[in-house]
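Here the structure comes first, spelled out in structure tokens, and everything after it is commentary.
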Amino acid sequence: MPNLQDLASGNPRFDLTRDEIREIYDMPLPQLIHLAQTVHQKHYAANEVQISTLLSIKTGGCKENCAYCPQSAHYATGVDAHGLLDTKTIVESAKAAKANGSSRFCMGAAWRSPPKKGPQFDRVIEAIKEVRGLGLEVCTTLGMVDEEQAEQLADAGVYAYNHNLDTSPEFYGDIISTRTYQDRLDTLENVRRAGMTVCCGGIVGMGESTDDRIGLLEQLNHLSPHPESVPVNLLVKVAGTPLAENDEIDIFEMVRTIATACIILPVSRVRLSAGREQMSDEAQALCFLAGASSIFSGDKLLTTPNPGQDKDQQLLEKLGMSPVKEAKESPRMLANSVTNRDTAHYEPSIQ
Ligand code: SAM
Ligand code: DTB
Ligand code: SF4
């Protein structure tokens, strides 16, 4: 077992072994939650949740075969496909998101990778600039990007780029065969080099083993710096996809995944992402206790349902939690760039 006091300090480590992570994951739940909350509060306000809004700016018809995804052209899911939305529609949606309390706006596109330079990419860049101009944290998730695309996105004002590893390297091939784990790591490297923050996480409930969940966490722990943002999605089972008939996963696996992520990625914001529509208030509350500090707001994620704003507001009120007010650059981002060798000099900021 790694030294618990060390972990509780909230100083990032980048070298945890799979066995060490398993020992954390398997801790008795009260102890696990206590440790996760202790670490979380080293870097984040205890009762705040960042509210993000998603918009699918290009839906369906994707060339990739991700077995969970309603937008893959390989599966008949009846998704309401459309080409790239016009800039005005995107900006109106971002304005509404801001008015409804979101501080982060995430634009998703069902692309294997964004089209190289040309009118479509120019429109994406234009939309990013306008949304940034509204004072929102801009996040995009557009598929694989090369160095040049990453730089163009960063220049336009993208704050975070979402690209998930999804699961362990061992289970990955059971889920996607049209691009490799290494392709994903290469995109993450390009994003990092271009100076955007990294949003990278995965999915729970795809039929993976506990060891696969731990394997994903190990991969995330070995990224240096750690991703600033870590979405943990519960699989949304969509008819027509190969995972539609999967067994329900025990929700405590989701809770343990979140808690372990919070402990081994102490500076990262761990996000309770897809799958809340299927979760009870109590299950969501457990995820917050485990250290999750962000949700997606609105009736829809990209293509699947999400609890509406009223329901979320009621839940947060019941729990005494409130939205993070403003999007701002955080000194945590600087702290997170401390490498393993420097941790002896690293002073976590306590809010
Ligand atoms: N095409 C881009 C890509 O794959 O990076 C961006 C959009 S994709 C929808 C973003 C992420 O959403 C995926 O990596 C996956 O983790 C998550 N996701 C997609 N479908 C999901 C589902 N049915 N349930 C849970 N998470 C899902
Ligand atoms: C992520 O990890 N979770 C978000 C986001 N990245 C884009 C939402 C995924 C939703 C996928 C299901 C849908 O199509 O709605
Ligand atoms: Fe395409 Fe992304 Fe869906 Fe995979 S997850 S099929 S890359 S939209």
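Figures for the structure shown
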{"item": "Within region 285-300, tally of residues that are open to solvent by 10 Å² or more (accessible area, probe 1.4 Å) and either within 16 Å of ligand 1 (Cβ to nearest atom) or out of contact with any strand residue (DSSP E or B) (no Cβ under 6 Å at 6 or more places or on another chain) (or both)", "result": "8"}
{"item": "Among the residues listed as VAL145, VAL158, the single one being among the β-branched types (Val, Ile, Thr), touching a Cys at 6+ places or on another chain (Cβ under 8 Å) and within 27 Å of LYS88 (Cβ to Cβ)", "result": "VAL158"}
{"item": "Criterion (surrounded by fewer than 16 Cβ atoms within 10 Å (Cβ to Cβ) and either within 16 Å of ligand 2 (Cβ to nearest atom) or not in a loop (DSSP other than H, G, I, E, B) (or both)) met by exactly one of GLY173, GLY143, GLY135", "result": "GLY173"}
{"item": "Some residue of region 74-82 being touching a strand residue (DSSP E or B) at 6+ places or on another chain (Cβ under 6 Å), among the small types (Gly, Ala, Ser) and more than 10 Å from ligand 1 (Cβ to nearest atom)", "result": "yes"}
{"item": "Check on GLU317, free of Cβ contacts under 8 Å to residues at least 24 places away in the same chain, under 24 Å from THR38 (Cβ atoms) and surrounded by fewer than 18 Cβ atoms within 10 Å (Cβ to Cβ)", "result": "no"}
{"item": "Which numbered condition ASN190 misses (of (1) away from ligand 2 (no atom under 14 Å from the Cβ); (2) over 19 Å from GLU147 (Cα atoms); (3) open to solvent by less than 30 Å² (accessible area, probe 1.4 Å); (4) not in a loop (DSSP other than H, G, I, E, B))", "result": "(2)"}
{"item": "In region 212-234, the residues that are in a helix (DSSP H, G or I) and away from ligand 3 (no atom under 16 Å from the Cβ)", "result": "ASP212, ARG213, ILE214, GLY215, LEU217, GLU218, GLN219, LEU220, ASN221, HIS222"}
{"item": "Selected residue (criterion: farthest from ligand 2 (Cβ to nearest atom)) from residues of region 74-94 that are loosely packed, with under 15 Cβ neighbours inside 10 Å and in contact (Cβ under 8 Å) with a residue 12 or more places away in the chain", "result": "ASP86"}
{"item": "Residues of region 211-253 satisfying the condition of being more than 16 Å from ligand 2 (Cβ to nearest atom) and touching a Lys or Arg at 6+ places or on another chain (Cβ under 8 Å)", "result": "ASP211, ILE214, GLY215, GLU218, ASN221, PRO225, GLU245, GLU253"}
{"item": "Tally, over region 284-301, of residues that are in contact with a Gly (Cβ under 8 Å, 6 or more places away or on another chain) and assigned to a strand (DSSP E or B)", "result": "1"}
{"item": "Scope region 244-277; condition in a helix (DSSP H, G or I) and surrounded by fewer than 17 Cβ atoms within 10 Å (Cβ to Cβ); matching residues", "result": "PHE252, GLU253, GLU277"}
{"item": "Which listed residue, of LYS117, LYS58, is open to solvent by 80 Å² or more (accessible area, probe 1.4 Å) and basic (Lys, Arg)", "result": "LYS117"}
{"item": "Selection from region 65-94 of residues that are part of a helix (DSSP H, G or I) and under 22 Å from the mean Cα position of the chain (by Cα)", "result": "ILE90, SER93, ALA94"}
{"item": "Every residue from region 171-200 that is touching a helix residue (DSSP H, G or I) at 6+ places or on another chain (Cβ under 7 Å) and more than 17 Å from SER72 (Cα to Cα)", "result": "PHE171, TYR181, ASN190, VAL191, ARG193, ALA194, GLY195, MET196, THR197, VAL198, CYS200"}
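Conditions (1) β-branched (Val, Ile, Thr); (2) within 13 Å of ligand 1 (Cβ to nearest atom); (3) open to solvent by 30 Å² or more (accessible area, probe 1.4 Å), marked per residue:
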| residue | (1), (2), (3) |
| --- | --- |
| PRO169 | no, no, yes |
| THR180 | yes, no, yes |
| MET196 | no, no, no |
| GLY215 | no, no, no |
| GLU218 | no, no, yes |
| LEU223 | no, no, yes |
| VAL236 | yes, yes, no |
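Residue by residue, here is whether (1) in contact with a Ser or Thr (Cβ under 7 Å, 6 or more places away or on another chain); (2) farther than 23 Å from GLY135 by Cα; (3) modelled with pLDDT of 95 or more; (4) small (Gly, Ala, Ser) holds:
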site	(1), (2), (3), (4)
VAL270	yes, no, yes, no
GLN278	no, yes, yes, no
LEU286	no, yes, yes, no
SER294	yes, no, yes, yes
LEU302	yes, no, yes, no
GLY308	no, yes, no, yes
GLN313	no, no, yes, no
THR339	yes, yes, no, no
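The values are calculated or read from the model by the stated rules, or taken from the named source; none is laboratory data. Values in this document were obtained by computation on a predicted structure and should not be read as measured data. FYI the Cβ positions are ideal-geometry reconstructions off the backbone, even for glycines, and counts take in every protein chain you see. The accessibility values were calculated without ligands, DNA or RNA, using every heavy atom of the protein model including side chains. Shrake-Rupley method; radii C 1.70, N 1.55, O 1.52, S 1.80 Å.
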